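Contents: one structure, followed by commentary.
The values are calculated or read from the model by the stated rules, or taken from the named source; none is laboratory data. Keep in mind the model is a prediction, meaning the values are calculated, not measured. A quick note on method: Cβ atoms are made from the backbone with ideal geometry, for glycine too, and the neighbour counts reach across all protein chains shown.
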Amino acid sequence: MKKFFSFLIIIFLLASSLCTVKAKTTSPSSITITNKVTDTLKYFDPKPTISSAGTNNELDGQYIYAMGETVQGELDEDPASTWTIALEDLSGNVIDQVSMSGGKLFSIGTGNVPKDGKYKIVATDSLSTPNWLTSTFIYIKYNLTIDSKIISQCPGETNTISGWITRGNDQSVLVPVDVYVVYPNKKIAGYYSISASSSGQFTLSFPGTVDLWEYYIYISDSYPSVSPDNDAIVYRIIPNYSNISWTLKSIVSNPLLYNDEEGTLNQSLVLSLSDQDGNFLTGKKDYFYIGMGWSGYTVKEISPGIYKIYGGTLTGGAIAIYAKEVIKSNIITLNLQKLTFFNPYIDIDTEYSNTPYGSGSYYDYTVGKEVFDLLPLAEGTSLEITAGLYPVPNIPDPSKNQYTLKDNYYIYNVKTSFSSSLIQHKIGPDSDNVWNDPASNIFTKPIYFVNKSSGVSVNISAIIWKRANQDTTPTWQETDPDPLNACCIKKPASTFYLTSEDSTTCSINISPQETLVNYEQDLKVHIGNINAIVHVYMVNPETGEKIENAFSASYKGGYEKKILTDLWYNPGQIAGTNIDTLPISFDFDINLDATWTSGNVVFKSVSFKKITSCNECPASVIIEVFTKKEDTYPLCEIINNAIMVNPIIKKLYADYEIIPPGGTARKELLAGLKEPIYITTSFSNPNVKWSITYNNNPIENYGLLFYVTEIDTGKFKIEFNLPLPFDEQYSPNTLNIRGEAYNEDHTESEEAVVGILARETITDAVPPEIEITRPEQSSITNQKIINIEGKATDNIGILKVLIHNTEIDISELGIFKEPVTLKEGENSIPIAAIDISGNKTTVELKITLDTVPPELTLSAQEATIEKTAEISGITEKDAIVTINEKKVTVNEDGTFSLSVQLEIGKNTFTVIATDTAGNETTKKAEIVHKEKIVIALIIDNPYMYINEALTEIDPGRGTQPVIIPEWGRTVVPIRAIAEALGATVEWDGIERKVTITLNEQKIELWIGNPMAKVNGIGEWIDEDNHDVKPIIINDRTMLPLRFIGESLGCTVEWDPVNRMVIITYIH
């Protein structure tokens, strides 16, 4: 039994040991402060005395809190049990403590801290018996308020500084506190002792000194009595300068600058520098002092007395900026923000300010004049503004240090919006070029026109995804961000406010705000100040040109009308003035009929000649008001589109019909359908412009576009890209269509308006009907793509027609014509029509595609001497056969034949067989028709027969064929015979040579020579009798007949009975 208990004890000890090891591995090793950036602590060590100077020291990289603020931080491990966060003094006394049992984040207050100085944030599993402990240090200061100070440089005069000190939540100090003021030479000037539990008020009185620089205020409360801060923390630094002071102020009232841990940000800050009288100080860019964490910066004066600090790198917890020549400005101290996933920024500039600060003015088409950039903000000027978000940095994520912010956060969308005080106009470098044009959505320059110098702001909002399942999914640097892997959507926003310097504000009212073209009406402008100047003109906002002779006003008591391009008027009858930023010179015209009463300038019988409500004839009425300020007249307000000038409108009668595809005409629209609307009206002016609203909303709000076609004179067809929806928020649903056409000078407008009710779709049970007009059912074609034509009709209307389940276009009458691709063989094509109620009718169209041409065999002789020949053949029995376009009868067995006429020579016949699908097979038959010439000569007869026609051989001479007894051979007068055969005969008297040519045969013979040449080759005229030769009888050349005939390709026959020679030539 003892052994058994000993074994249990060993197991228990091992388990305890293992647990202890596990606890050590999960304990945190560091504490990160999350709601402060590090700052510089200033203190004296050694402390000053009345007779000896102290030393002012700086301790960088400290977290500094005011009593009562909350310390927020994060551990690098999740609590394995209940842990404790404690605030302790340097002696280990616990000031406050909180427990944490889930999550790494903690918060602990500083309201119970009794004294200023260094304190420790401790994290542990137990304050009494800790297994582990980690800590970090912070500084905590009193809340010091200075309500008045009088500092003089004159010795003997008394300086005073008064204020009060409290702990957190305005609690009284718990211990006696001494407040010291130190001269610029670092010696004590005076001190005040505050009793414990008192109001904390103090007043320091001390003699002035001629030493220029700064007074220091530090507080001593005996904690701690030694380093690091030596119980002498500096709370305030007060300059000891002349009462002439400079004021440095940020143009953005709430600027944001960041601790640029990656060194990639291009940050900027714009400041104004002015003297004690509010005058801006120019030429001081080299007198700026920028301490602590901003390196590599550039200072540039971008407007008179306005300085931009930009570029370089910002690091650490804060920056301090002041300007100092002999006189020193106030110090601007800005805490540098720690970069997170949402880092908004704003950058402002004045590239187009007047020289030497910028490149000069540009042209503003909207107001029709040169405009330039200027800071501080002023009406009628502009500036460049770029705002947005810096990219998510690739630095450790405070909530999960093993990842970076860029791993876990993705900026999905950024939206930048500007207050109504800032407007983007149509602008360009001059009146011939364009940089920005809001009407065309062209923006190449971030230039904003200032129409009000007050209430100017820029808002940046974003949608940011946070990655879910961070330990199991790729980071958003390793894969594309996916909304399906976003555990939450963050929508942060930030607004920057821009300040103006003593902006001149106006309360201007204009009456009327709307009038008719060429209509005389009093124009009243409320300006409130008799010293104000009013300027009225019209401008073309597209070209930026001032419109000449744009309006008229009553003149000389109404006896005349004065045509005006510009109207300048001042109730105080100022003859002229010059304005620094907008030079104005004008002649006051006492004859202009205008009155001043109760703060209003009233111009009598003003009539505008151009309308402002027309896109084709852009015009805008501009009214500027300048108010007197000291010796100048700055622009107080500029009002674009101050008065709407409308045309004289002629109302036209208009009728309409809704004709749904395949349905009957009606007067109501059915929601859910794309129904064409036919409007009939009579415009006498061309170029009708149409606009449509649905339930008094632009049709585009419903995702609809419309198209208008003039299908006949005075008849317009309106179609929509999508079905008209039914909006249940409205009863009834109404579609309003407005057509407008101007006359040539755009002073009159014709207007036709129709209002159409839209109701929900009616349901019926009658299916639609489909009629297929082409092709015929069960037809055969050889076209791979055919058009299916038909018509779908319904008692209410056709919603859609589908072929092969694909919707096709149909006309308002339900007629359709759609190309369809066929496959070889039989095709079954489903054609469906669906009516408005969803009833469906389907028909099957069967079409056979046959692209194989028919077989065709031909039979015909190749040559004949006959005048006719027969062409025969065989093909498909249903085929159509043509021979040289002549239709031939095809027998049941597919055979056919045709007797054709022949011409001498080659005869070509085109035979085409066409099957029922229209496929063709074409073959050609060639038959040569040869000519036959038969010449019959009788011995001793002067006549001969040519194809049975009797003709004289040698007319008038009686020359006849003879037999030469010695040779036993017949000779004939060759010319008549050769020419009868179509040959040519030539006689060469010098050589006594006869040349006979027929086609490609050439025979040369010489009188008395038994040798001849046939095609250049010599041979005997008669192989058997070399005495046979050409001779001359009766002055005619007589040649041996057989030799000549056979050499020319003829057959020569002898008829002894009739003593006749027969020559036959076929060719």
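Among the residues that make up the range 663-681, is at least one of them closer than 30 Å to Ile423 by Cβ, crowded, with 16+ Cβ neighbours inside 10 Å and of a type in the set (D, E, K, R)?
no
Residues of the range 263-288 being at pLDDT 90 or above and under 25 Å from Thr38 (Cα atoms), which ones?
Those that are at pLDDT 90 or above and under 25 Å from Thr38 (Cα atoms): Thr264, Leu265, Asn266, Gln267, Ser268, Leu269, Val270, Leu271, Phe288.
Having 1 or more residues that are charged (D, E, K, R) and either in contact (Cβ under 8 Å) with a residue 24 or more places away in the chain or surrounded by 15 or more Cβ atoms within 10 Å (Cβ to Cβ) (or both) is the bar; report the strands (runs of 3 or more DSSP E) wholly within the range 1023-1067 that clear it.
Qualifying strands (runs of 3 or more DSSP E): 1036-1040.
What strands (runs of 3 or more DSSP E), lying completely within the range 906-1018, carry at least 1 residues that are farther than 30 Å from Ala879 by Cα?
932-938, 943-946, 949-952, 962-964, 969-973, 984-988, 993-998, 1001-1006, 1011-1014
Please work out if His526 is under 30 Å from Gly360 (Cα atoms), modelled with pLDDT of 85 or more and either touching a strand residue (DSSP E or B) at 6+ places or on another chain (Cβ under 6 Å) or among the hydroxyl-bearing types (Ser, Thr, Tyr) (or both).
No: the conditions fail for His526.
Looking only at the range 516-554, filter to residues that are assigned to a loop (DSSP other than H, G, I, E, B) and of a type in the set (D, E, K, R); which one of those is nearest to Ser440 (Cα to Cα)?
Top of the filtered list is Glu542.
State whether the residues of the range 638-659 include one that is buried (at least 22 other Cβ atoms within 10 Å of the Cβ), assigned to a loop (DSSP other than H, G, I, E, B), of a type outside the set (A, V, I, L, M) and modelled with pLDDT of 90 or more.
Yes: the range 638-659 contains one or more residues that are buried (at least 22 other Cβ atoms within 10 Å of the Cβ), assigned to a loop (DSSP other than H, G, I, E, B), of a type outside the set (A, V, I, L, M) and modelled with pLDDT of 90 or more.
Give the number of residues within the range 353-370 that are in contact with a Gly (Cβ under 9 Å, 6 or more places away or on another chain) and either over 30 Å from Lys284 (Cβ atoms) or surrounded by fewer than 23 Cβ atoms within 10 Å (Cβ to Cβ) (or both).
Summing the residues that are in contact with a Gly (Cβ under 9 Å, 6 or more places away or on another chain) and either over 30 Å from Lys284 (Cβ atoms) or surrounded by fewer than 23 Cβ atoms within 10 Å (Cβ to Cβ) (or both) in the range 353-370 gives 10.
Residue by residue through the range 660-695, note down the ones that are basic (Lys, Arg), touching a residue at least 40 places away in the same chain (Cβ under 8 Å) and part of a strand (DSSP E or B).
Across the range 660-695, the qualifying residue is only Lys689.
If you check every pair at least six apart or on different chains, which have Cβ atoms under 8 Å apart with a residue in the range 873-885 that is closer than 12 Å to Thr916 by Cα first and a residue that is surrounded by fewer than 16 Cβ atoms within 10 Å (Cβ to Cβ) and of a type in the set (S, T, N, Q) second?
Hits for this filter: Lys877/Asn891.
Could you please find all residues in the range 702-751 being under 28 Å from the mean Cα position of the chain (by Cα) and acidic (Asp, Glu)?
Selection gives Glu719 alone.
Limited to the range 152-172, what total is found for residues that are in contact (Cβ under 8 Å) with a residue 60 or more places away in the chain, part of a strand (DSSP E or B) and of a type in the set (S, T, N, Q)?
1
For the range 310-352, list the strands (runs of 3 or more DSSP E) that sit wholly inside it and hold at least 3 residues that are crowded, with 20+ Cβ neighbours inside 10 Å; which are they?
Here the list reads 313-323, 344-349.
Is there a residue in the range 488-510 that is in contact with a helix residue (DSSP H, G or I) (Cβ under 6 Å, 6 or more places away or on another chain), without any contact (Cβ under 8 Å) to a residue 24 or more places away in the chain and not polar (S, T, N, Q)?
No, that holds for no residue.
What strands (runs of 3 or more DSSP E), lying completely within the range 47-140, carry at least 2 residues that are polar (S, T, N, Q)?
Fully inside the range 47-140 and qualifying: 56-62, 70-75, 94-100.
Can you report the number of residues in the range 133-142 which are surrounded by fewer than 18 Cβ atoms within 10 Å (Cβ to Cβ) and out of contact with any Lys or Arg (no Cβ under 7 Å at 6 or more places or on another chain)?
Result for the range 133-142: 3.
Which residue out of Asp221, Asp211 is modelled with pLDDT of 90 or more and farther than 25 Å from Ser457 by Cβ?
Asp221
If you check every pair at least six apart or on different chains, which have Cβ atoms under 6 Å apart with a residue in the range 306-326 that is at positive phi first and a residue that is modelled with pLDDT of 90 or more and of a type in the set (Gly, Ala, Ser) second?
Gly312/Ser295; Gly312/Gly296
Would you confirm, using the coordinates I've provided, whether Ile385 is of a type in the set (Val, Ile, Thr), under 30 Å from Glu74 (Cβ atoms) and part of a strand (DSSP E or B)?
no
Taking the conditions exactly as written (modelled with pLDDT of 90 or more, surrounded by 10 or more Cβ atoms within 10 Å (Cβ to Cβ) and under 30 Å from Leu256 (Cα atoms)), does Gly54 satisfy them or not?
Against the criterion (modelled with pLDDT of 90 or more, surrounded by 10 or more Cβ atoms within 10 Å (Cβ to Cβ) and under 30 Å from Leu256 (Cα atoms)), Gly54 does not qualify.
Within the group Gly283, Gly293, Gly263, which residue is within 52 Å of the chain's Cα centre (by Cα), not polar (S, T, N, Q) and not in a loop (DSSP other than H, G, I, E, B)?
Being within 52 Å of the chain's Cα centre (by Cα), not polar (S, T, N, Q) and not in a loop (DSSP other than H, G, I, E, B) holds for just one of Gly283, Gly293, Gly263, which is Gly293.
With (1) assigned by TED's automatic domain parsing to the domain that holds Ala863; (2) at pLDDT below 90 as the list, and Ile963 as the residue in question, which single condition is left unmet?
For Ile963, the failing item is (1).
State which residue is surrounded by the fewest Cβ atoms within 10 Å (Cβ to Cβ) when the search covers only the range 424-462 and only residues that are among the small types (Gly, Ala, Ser) and within 16 Å of Asp373 (Cα to Cα).
Gly428
Got a sec? Which of Tyr119, Tyr139 is closer than 30 Å to Asp178 by Cα, among the aromatic types (Phe, Trp, Tyr) and over 56 Å from the mean Cα position of the chain (by Cα)?
Unique residue meeting the criteria: Tyr119.
Can you confirm whether the range 182-198 contains a residue that is touching a residue at least 60 places away in the same chain (Cβ under 8 Å), in a strand (DSSP E or B) and crowded, with 18+ Cβ neighbours inside 10 Å?
yes
Starting from the range 808-837, take each residue that is in the same structural domain as Ser778 (by TED's automatic domain parsing) and list its partners that are in a strand (DSSP E or B) and among the basic types (Lys, Arg), counting only C-beta distances under 6 angstrom and pairs at least six apart or across chains.
Gly814/Lys791; Ile815/Lys791; Ser828/Lys846; Ala832/Lys840; Ile834/Lys800; Ile834/Lys840
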